[in-house]
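Student: Can you keep this structure in mind? I'll have questions shortly.
The values are calculated or read from the model by the stated rules, or taken from the named source; none is laboratory data. On a predicted model such as this, the values are computed, not experimentally measured, just so you know. Here the Cβ positions follow ideal geometry from the backbone for every residue, glycine too, while neighbour counts run over all protein chains shown.
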Amino acid sequence: MMLLKVIALLLAIGCLNAEVYFEEKFENDNWKTEWIYSKHPGKEFGKFVHSAGSFYNDADLDKGIQTSQDARFYALSNKFDGFSNKGKPLVVQFSVKHEQNIDCGGGYVKLFDCSLDQTDMHGESPYEIMFGPDICGPGTKKVHVILSYKGKNHLINKDIRCKDDVYTHFYTLIVKPDNTYEVLIDNEKVESGNLEDDWDFLAPKKIKDPNAKKPEDWDDKATIPDPDDKKPEDWDKPEHIPDPDASKPEDWDDEMDGEWEPPMVDNPDYKGEWQAKQLDNPNYKGAWEHPEIDNPEYSADDNLYLRNEICTVGFDLWQVKSGTIFDNVLITDDIELASKVAAEVKNTQAGEKKVKELQDEVQRKKDEEESKKNADKDDEDDDDDDDNTESKQETEDNGHDEL
């Protein structure tokens, strides 16, 4: 009983120590003053608008910031009190809704240190983490997980597919102090592993021994030609022969057309290039494997997970077709809190689908009515054309009668 109380106390202490570094639900218009647009020269930037989109579960709660102009760069950021995730999990979570059925564009966030000049944020600005979906045509539908290490950006070595429908989806990245990570979509784990294994942060532990060479007498041929196998004397036949059924055309003139030659056809007796039968090689030693040695340039790092300073979150992306809604941004060390927030996505999606199905049905009926109107108008036009034709014919006939 005492042990259970101690465990409960430790869990309570852990909850008390959990921190929310940044949270943004875009519930009102405060974001217009708290978030800063970049003014980096040479870029044509688009504007965000406060909207729940054209279909939603809750008109107020589902409001986020929506890209509003096609073929634009977007660069918007928010600075908060800086923190380090030393010894703690780092959770980055937000929701994305591509209700425009996006064809090409980013849907990710970036986390920066405190040195970022928000009014000059652009694609080359150094960042700590880039995370979220990226879609461009049928070939690119991935979740980016890019981490900075010693000033260089490193992409994850795994291919994580993102959602590509028109509904809201939550994306969650968890980086733990034991150098492991998880990626979740809609609160379900889609990828996980070890930072050292899945990113090229460090030099490889092993390298091929530069002093090792395959022995000259190493035989790596599994089979050899049978030395006793001889090519048959009647083997060699031409691949093509003159067509035996062809005959010289009757109107062929040798002086004018030259000497007639029958066209060539495939030779049914052609057997191809002769090759001796293969036998197992008695001297076969298998494929030679280059021996490896410890890489002197490898150095382990227990702090691959560590971000010494994070204090800015930003949307820095390009979209061909606008309409994406970003919402529910959460940066914390509380994994349970993030999971609880993301769990609401099922209700959000159910509401969105219900409203969209009703809208689609209304649109379908409208299209049917419009199509019927157009068909009726075409019939009326055809009738008018027939009447005009008959009237013209009557006029011509009357004219002939008078003559």
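Student: For segment 181-193, how many residues are not polar (S, T, N, Q) and not in a strand (DSSP E or B)?
Tutor: Here is the first cut: in segment 181-193, the residues not polar (S, T, N, Q) are 181-186, 188-191, 193.
Narrowing further to those that are not in a strand (DSSP E or B): 186.
Residues in segment 181-193 being not polar (S, T, N, Q) and not in a strand (DSSP E or B): 1 in total.
Student: Whether any residue in segment 100-108 is closer than 21 Å to Thr324 by Cβ, touching a Lys or Arg at 6+ places or on another chain (Cβ under 6 Å) and acidic (Asp, Glu) is what I want to check.
Tutor: yes
Student: Another question, if that's okay. Take Lys86 and decide whether it is under 30 Å from Lys176 (Cβ atoms) and at pLDDT 95 or above.
Tutor: Here the answer is yes, as Lys86 does meet what is asked.
Student: Answer yes or no as to whether Val143 is surrounded by 22 or more Cβ atoms within 10 Å (Cβ to Cβ) and among the hydrophobic types (A, V, I, L, M, F, W, C).
Tutor: When the stated conditions are applied, Val143 passes them.
Student: Determine the pairs where a residue that is free of Cβ contacts under 8 Å to residues at least 40 places away in the same chain, located within segment 16-30, has a partner that is not polar (S, T, N, Q) with Cβ atoms under 8 Å apart, the partner being 6 or more residues away or on another chain.
Tutor: Matching pairs, first to second residue: Glu27/Asp60; Glu27/Leu61; Glu27/Lys63; Asp29/His50.
Student: Filtering segment 280-301 down to residues that are among the charged types (D, E, K, R) and touching an Asp or Glu at 6+ places or on another chain (Cβ under 9 Å), which residue is nearest to Glu44 (Cα to Cα)?
Tutor: Per the criteria, the residue is Asp301.
Student: Identify, please: which residue in segment 324-339 is over 21 Å from the mean Cα position of the chain (by Cα) and aliphatic (A, V, I, L, M) and is, among those, farthest from Ser51 (Cα to Cα)? Break it down stepwise before answering.
Tutor: Taking segment 324-339 first, the residues over 21 Å from the mean Cα position of the chain (by Cα) are 328-339.
Narrowing further to those that are aliphatic (A, V, I, L, M): 329-331, 335, 337-338.
Values: Val329: 15, Leu330: 19, Ile331: 22, Ile335: 28, Leu337: 25, Ala338: 23 Å.
The qualifying residue farthest from Ser51 (Cα to Cα) is Ile335.
Student: Please specify each residue of segment 67-78 satisfying the condition of being over 23 Å from the mean Cα position of the chain (by Cα) and surrounded by fewer than 20 Cβ atoms within 10 Å (Cβ to Cβ).
Tutor: Result: Asn78, single match.
Student: Hey, any hits in segment 10-31 for a residue that's part of a helix (DSSP H, G or I) and at pLDDT 95 or above?
Tutor: The answer is yes, given that some residue of segment 10-31 is part of a helix (DSSP H, G or I) and at pLDDT 95 or above.
Student: Right, here's the next one. What number of residues in segment 302-349 are closer than 14 Å to Lys176 by Cα and either of a type in the set (Ser, Thr, Tyr) or at pLDDT below 95 (or both)?
Tutor: 2
Student: Another question, if that's okay. Filter segment 259-299 down to the residues that are among the charged types (D, E, K, R) and closer than 30 Å to Asp197 by Cβ and list them by number.
Tutor: Passing the criteria: Glu289, Glu292, Asp294, Glu297.
Student: Further question on the same structure: Say we look at segment 270-297 and pick out the residues that are of a type in the set (Asp, Glu) and within 37 Å of the chain's Cα centre (by Cα); which of these is farthest from Pro215 (Cα to Cα)? Step through it out loud before you land on a result.
Tutor: Initially, segment 270-297 is screened for residues of a type in the set (Asp, Glu), giving 273, 280, 289, 292, 294, 297.
Subset that is within 37 Å of the chain's Cα centre (by Cα): 289, 292, 294, 297.
On the way: Glu289: 11, Glu292: 16, Asp294: 22, Glu297: 28 Å.
Here the residue is Glu297.
Student: Residues being of a type in the set (A, V, I, L, M, F, W, C), assigned to a loop (DSSP other than H, G, I, E, B) and over 27 Å from the mean Cα position of the chain (by Cα): count how many of those fall in segment 36-62.
Tutor: 2
Student: Follow-up. What are the residues in segment 290-335 that are loosely packed, with under 12 Cβ neighbours inside 10 Å and either of a type in the set (Val, Ile, Thr) or outside any loop (DSSP other than H, G, I, E, B) (or both), if any?
Tutor: Within segment 290-335, Asp294 is the sole residue that qualifies.
Student: Hey, another quick one. Kindly list the number of the only condition in (1) buried (at least 22 other Cβ atoms within 10 Å of the Cβ); (2) among the aliphatic types (A, V, I, L, M); (3) in contact with a helix residue (DSSP H, G or I) (Cβ under 8 Å, 6 or more places away or on another chain) that fails for Val96.
Tutor: (3)
Student: Right, something else. Does Gly64 meet the test of being at pLDDT 95 or above, surrounded by 15 or more Cβ atoms within 10 Å (Cβ to Cβ), of a type outside the set (A, V, I, L, M) and out of contact with any His (no Cβ under 6 Å at 6 or more places or on another chain)?
Tutor: Yes.
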